[in-house]
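Asks: Please read through the structure below; I'll follow up with questions.
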Amino acid sequence: MSIPAYVELTQSPHERLSVALNERTYSRIAILVDENTKSFCLPLLENLPEHELIEISPGEQHKTLETCGLIWSKLTEAGFDRKSVLINVGGGVIGDMGGFAAACYKRGINFINIPTTLLSQVDASIGGKLGVDFHGLKNQIGVFQMPLKVIISPLFLKTLEPRQINSGFAEVIKHGLISDAEYFRSLKKPENYRNDQFLDLITRSIFIKNKVVEEDPREIGLRKILNFGHTIGHAIESIYLDLKENLLHGEAIAAGMICEAYLSTKMLKMREDHLEEIVAFISNIYKKIDVEGVDRSLFIDKIRQDKKNKDKEIQVALLSEIGSAKYEITVSESVAIESLDYYSSIVQ
Ligand SMILES: NC(=O)c1ccc[n+]([C@@H]2O[C@H](COP(=O)([O-])OP(=O)(O)OC[C@H]3O[C@@H](n4cnc5c(N)ncnc54)[C@H](O)[C@@H]3O)[C@@H](O)[C@H]2O)c1
Ligand SMILES: [Zn+2]
């Protein structure tokens with residue numbers, strides 16, 4: 001099973017980091033953390049060489065150009081030159097934003113990502129998409145740029161809240177559904193994985209994501225299958241975000257996958273028993289999100305903001321069966337609403 005050359009999967013992240021830092025000569029080293037990863041993850045990276053620590057507040061609301069400004073100010077004030085390196089220790093927010101900040105600083109310095117959430121280990125750290133949110137739109141400003149190294153260790157997951165683990169697990173479910181039925185059917189509930197089993201899970205998910213990304217790095221075609229569950233999921237996520245309700249990305253995507261599995265039966269004639277299997281597995285892990293009161297025209301507005309739509313059409317990635325996906329399937333507004341009604345009616 002092949003994973004990208006820049007990824008190191010390890011039970012000794014500190015050793016791998018030390019090797020990576022010795023492979024080149026750097027003038028200076030900066031480490032970006034948030035409050036949580038400073039307390040929980042930095043201690044696992046023993047014997048760090050001399051570095052400048054940049055700490056930011058945790059959370060998606062800080063994934064902004066303002067925070068990048070803070071990072072660039074720190075690097076500038078400390079006199080970092082083009083031969084310096086930035087090490088991003090944290091979840092997808094730190095990885096996406098730290099990578100973007102590094103890719104822009106002095107037209108680009110090297111960066112190493114150490115993803116510390118399940119979501120960032122199986123998804124965000126693979127494929128070179130970097131960026132920040134802007135004007136309320138997710139990842140509106142960004143670049144494609146591969147990190148020098150990504151060091152992934154399940155050791156970091158020990159301190160992650162179960163809710164965050166479940167959130168990342170939604171992407172694992174997605175990987176199985178879009179490309180590997182046997183993988184999907186082998187999945188257990190996230191709380192039943194041990195540390196070493198997480199390593200296998202992460203490896204398999206990275207393999208699937210990487211296979212897709214390598215074929216279509218710029219998301220012209222095939223890469224769009226990774227958006228399964230995300231068109232409807234993002235709309236739900238965004239509505240909850242506006243309401244300042246606490247909903248994690250993967251929780252919204254889990255609901256989105258149920259809606260889009262329903263759309264798959266409508267548009268691609270996916271078998272009903274596959275739909276039932278998906279619904280049963282997902283609803284055994286994730287609590288139902290209340291979408292009954294969601295204004296259906298707002299829901300459609302949110303779907304229309306999706307970057308992946310073409311012209312005026314709503315386009316989604318759907319399943320022809322468990323383990324196989326197709327992209328650029330056009331759905332009407334009424335069928336999209338029907339899928340939300342379906343979710344609202346069936347999940348307990
Ligand atoms: N670039 C991509 O291809 C891609 C793909 C998917 C998601 N993303 C992005 O990833 C982001 C979401 O990432 P996330 O779910 O990792 O969220 P996150 O980075 O906000 O981390 C979630 C929370 O967990 C804390 N945390 C991180 N590691 C911890 C640890 N080991 N122990 C205890 N607490 C820890 C963080 O401080 C934070 O409070 C979004 O911004 C999304 O857009 C990017
Ligand atoms: Zn996602």
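Asks: Restricting to the range 220-262, count the residues that are within 10 Å of ligand 2 (Cβ to nearest atom) and either of a type in the set (S, T, Y) or on the phi > 0 side of the Ramachandran plot (or both).
Replies: 1
Asks: Any residue in the range 328-345 that is without any contact (Cβ under 8 Å) to a residue 40 or more places away in the chain sitting within a Cβ distance under 6 Å of a residue that is surrounded by 14 or more Cβ atoms within 10 Å (Cβ to Cβ)? List the pairs, counting only those 6 or more apart or interchain.
Replies: From residues that are without any contact (Cβ under 8 Å) to a residue 40 or more places away in the chain, the pairs are T330/Q315; E333/I300.
Residues checked against (1) β-branched (V, I, T); (2) touching a strand residue (DSSP E or B) at 6+ places or on another chain (Cβ under 9 Å); (3) surrounded by 21 or more Cβ atoms within 10 Å (Cβ to Cβ):
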site	(1), (2), (3)
A5	no, no, no
L21	no, yes, no
R28	no, yes, no
I31	yes, yes, yes
T37	yes, yes, yes
S73	no, no, no
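Asks: Among the residues of the range 1-26, write down those that are within 16 Å of ligand 1 (Cβ to nearest atom) and either part of a helix (DSSP H, G or I) or over 30 Å from V212 (Cβ atoms) (or both).
Replies: Answer for the range 1-26, where residues must be within 16 Å of ligand 1 (Cβ to nearest atom) and either part of a helix (DSSP H, G or I) or over 30 Å from V212 (Cβ atoms) (or both): P13, H14, L17.
Here is a yes/no grid of residues against (1) under 28 Å from F144 (Cβ atoms); (2) surrounded by fewer than 21 Cβ atoms within 10 Å (Cβ to Cβ); (3) at pLDDT below 95:
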position: E171; (1), (2), (3): yes, no, no
position: D216; (1), (2), (3): yes, yes, yes
position: I220; (1), (2), (3): yes, yes, yes
position: L241; (1), (2), (3): yes, yes, yes
position: K244; (1), (2), (3): no, yes, yes
position: G250; (1), (2), (3): yes, no, no
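Asks: Say whether the condition of being under 23 Å from the mean Cα position of the chain (by Cα) and assigned to a strand (DSSP E or B) is met by at least one residue in the range 56-71.
Replies: Looking through the range 56-71, at least one residue is under 23 Å from the mean Cα position of the chain (by Cα) and assigned to a strand (DSSP E or B).
Asks: Within the range 232-261, track down each residue that is within 11 Å of ligand 1 (Cβ to nearest atom) and either touching a strand residue (DSSP E or B) at 6+ places or on another chain (Cβ under 8 Å) or not β-branched (V, I, T) (or both).
Replies: H234, E237, L248, H249, G250, E251
Asks: Something else: Name, by its number, the condition in (1) hydrophobic (A, V, I, L, M, F, W, C); (2) closer than 28 Å to H135 by Cα; (3) free of Cβ contacts under 8 Å to residues at least 24 places away in the same chain that does not hold for L275.
Replies: Failed condition: (2).
Asks: Follow-up question, since we're still on this one. Which residue out of L340, L319 is in a strand (DSSP E or B), surrounded by 19 or more Cβ atoms within 10 Å (Cβ to Cβ) and at pLDDT 95 or above?
Replies: So the residue among L340, L319 that is in a strand (DSSP E or B), surrounded by 19 or more Cβ atoms within 10 Å (Cβ to Cβ) and at pLDDT 95 or above is L319.
Asks: Can you list residue pairs whose Cβ atoms sit under 6 Å apart, with the first residue in the range 36-60 being under 17 Å from D96 (Cα atoms) and free of Cβ contacts under 8 Å to residues at least 60 places away in the same chain and the second being among the aliphatic types (A, V, I, L, M) and buried (at least 17 other Cβ atoms within 10 Å of the Cβ)? Count only pairs 6 or more apart in sequence or on different chains.
Replies: Correct list of pairs: I54/A30; I54/L32; I54/I71; E55/V33.
Asks: Quick check on the range 27-45. Is at least one of its residues modelled with pLDDT under 95 and outside any strand (DSSP E or B)?
Replies: Checked against the condition, which is being modelled with pLDDT under 95 and outside any strand (DSSP E or B), the range 27-45 yields no hits at all.
Table: residues versus (1) within 16 Å of ligand 2 (Cβ to nearest atom); (2) part of a helix (DSSP H, G or I); (3) in contact (Cβ under 8 Å) with a residue 12 or more places away in the chain.
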{"position": "G131", "(1), (2), (3)": "yes, no, yes"}
{"position": "K138", "(1), (2), (3)": "yes, no, yes"}
{"position": "I151", "(1), (2), (3)": "no, no, yes"}
{"position": "K158", "(1), (2), (3)": "no, yes, yes"}
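Asks: Quick one: in the range 105-129, which of the residues that are more than 13 Å from ligand 2 (Cβ to nearest atom) and under 21 Å from S57 (Cβ atoms) is surrounded by the most Cβ atoms within 10 Å (Cβ to Cβ)?
Replies: I114
Asks: Checking I178 against (1) out of contact with any Asp or Glu (no Cβ under 9 Å at 6 or more places or on another chain); (2) at pLDDT below 95, only one condition comes out false. Which one?
Replies: It is condition (2) that I178 fails.
Asks: Another question about this same structure. On the basis of being of a type in the set (A, V, I, L, M, F, W, C), touching a Phe, Trp or Tyr at 6+ places or on another chain (Cβ under 9 Å) and away from ligand 2 (no atom under 16 Å from the Cβ), does I278 make the cut?
Replies: Against the criterion (of a type in the set (A, V, I, L, M, F, W, C), touching a Phe, Trp or Tyr at 6+ places or on another chain (Cβ under 9 Å) and away from ligand 2 (no atom under 16 Å from the Cβ)), I278 qualifies.
Asks: Among helices (runs of 4 or more DSSP H) lying entirely in the range 200-301, which contain 3 or more residues that are of a type outside the set (A, V, I, L, M) and within 14 Å of A170 (Cα to Cα)?
Replies: 230-242, 249-267
Asks: Hey, among the residues in the range 166-210 that are among the hydrophobic types (A, V, I, L, M, F, W, C) and more than 15 Å from ligand 2 (Cβ to nearest atom), which one's nearest to the chain's Cα centre (by Cα)?
Replies: Of everything passing the filter in the range 166-210, I202 is nearest to the chain's Cα centre (by Cα).
The values are calculated or read from the model by the stated rules, or taken from the named source; none is laboratory data. Here the structure is a predicted model, which means the values were calculated and not measured. Cβ: placed from backbone, ideal geometry, glycine included. Neighbour counts: every protein chain shown.
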